[in-house]
Amino acid sequence: MLTLAFLLACIPKKDFDALSAELAAEKSAHSTTRETLAQRETSLAEEQLRLAGLRLEETRLQGELGAAKTALAAAEAAWSGEKAGLVSDKSKLKASVAEMEGALKEAAARRAEAEKRVAEFRDLLLRFKKLIDAGQLRVQIVDGRMVVVLATDILFASGKADLSDGGKTALTEVGGVLAALGDRAFQVEGHTDNVPIATDRFPSNWELASARAIVVVKTLITAGVGADHVSAASFADTHPVADNSTPEGKKVNRRIEIVLVPDLSTLPGFDELQKVGG
């Protein structure tokens with residue numbers, strides 16, 4: 001009977017090496033996919049935790065509103081015997097009920113908005129699944145905003161602001177997805193590590209990050225994103241997300257972030273804010 005060792009020995013070395021390389025690549029891709037999935041689950045869990053908090057706040061307000069209504073009913077029942085003294089109390093209770101009803105309405109609006117954002121986040125993950133699984137980008141919740149993160153090492157050569165062929169292909173696909181989101185606004189933010197640059201074209205990291213962000217903006221516009229829906233910003237090395245003391249940390253900090261700008265008109269209190277602004 002032929003043994004496994006004998007069969008392996010019969011495989012030419014170059015084929016064996018190729019198989020070994022393919023296996024190593026598959027393991028690496030599997031590891032990257034697991035890390036990406038973990039990041040997605042973390043971002044989704046954070047948003048769901050915030051939603052749970054809003055639901056608790058709504059429940060608390062409903063309880064307080066019920067208690068206030070009960071107190072108001074009791075005051076009205078005793079109205080005939082203590083009319084003069086109860087006028088003031090009744091007015092206060094009505095004001096309290098109105099205030100609580102307003103707070104409950106606002107809490108419900110915030111909960112609905114949070115649920116909408118969770119649905120949008122899941123939809124964004126599905127739209128970018130191919131690029132996420134390929135390890136070309138991540139989708140995260142950062143400071144309450146949905147952000148598409150691309151490593152600049154994929155898009156640009158070190159110290160350059162000229163898109164690589166692979167970077168152009170990836171951004172064209174990203175632009176097609178963003179254009180399909182409808183009437184949304186995006187801000188492209190350029191970030192660098194803390195290694196300074198000083199060339200004629202880029203006197204500092206501010207200019208490098210800015211140039212890269214503008215190149216990405218132009219590529220997204222070419223891919224179909226409306227020019228009036230996208231802007232560019234430079235943060236240089238002022239917003240690191242990892243430790244710059246390690247090569248791995250520097251690599252993570254060199255990134256382009258495409259922020260889905262929140263639509264403030266959908267937030268509770270926007271109408272009142274407009275009135276204040278005149």
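The values are calculated or read from the model by the stated rules, or taken from the named source; none is laboratory data. Not measured: the values here are computed from a predicted model. Cβ sites come from the backbone with ideal geometry, for glycine too, and all protein chains shown count toward neighbours.
Say whether the condition of being under 28 Å from GLU113 (Cβ atoms) and outside any helix (DSSP H, G or I) is met by at least one residue in the stretch 210-225. Yes, the conditions are met somewhere in the stretch 210-225. Selection of the stretch 165-209 for residues being under 22 Å from VAL241 (Cα atoms), touching a residue at least 12 places away in the same chain (Cβ under 8 Å) and not in a helix (DSSP H, G or I) yields PHE186, GLN187, VAL188, GLU189, GLY190, HIS191, THR192, ASP193, ASN194, VAL195, ILE197, SER204. ILE132 meets each of the listed conditions (1) modelled with pLDDT of 95 or more; (2) in a helix (DSSP H, G or I) apart from (1).
On inspection, VAL252 fails the criterion of being crowded, with 20+ Cβ neighbours inside 10 Å and in contact (Cβ under 8 Å) with a residue 40 or more places away in the chain. Here GLU113 passes the criteria (1) among the acidic types (Asp, Glu); (2) exposed (fewer than 14 other Cβ atoms within 10 Å of the Cβ); (3) modelled with pLDDT under 85 except the one numbered (2).
The number of residues in the stretch 165-215 being of a type in the set (S, T, N, Q) and closer than 21 Å to GLU248 by Cβ comes to 3. Going through the stretch 137-153 one residue at a time, which ones are over 22 Å from LEU49 (Cα atoms) and at pLDDT below 90? Residues satisfying the conditions do not exist here.
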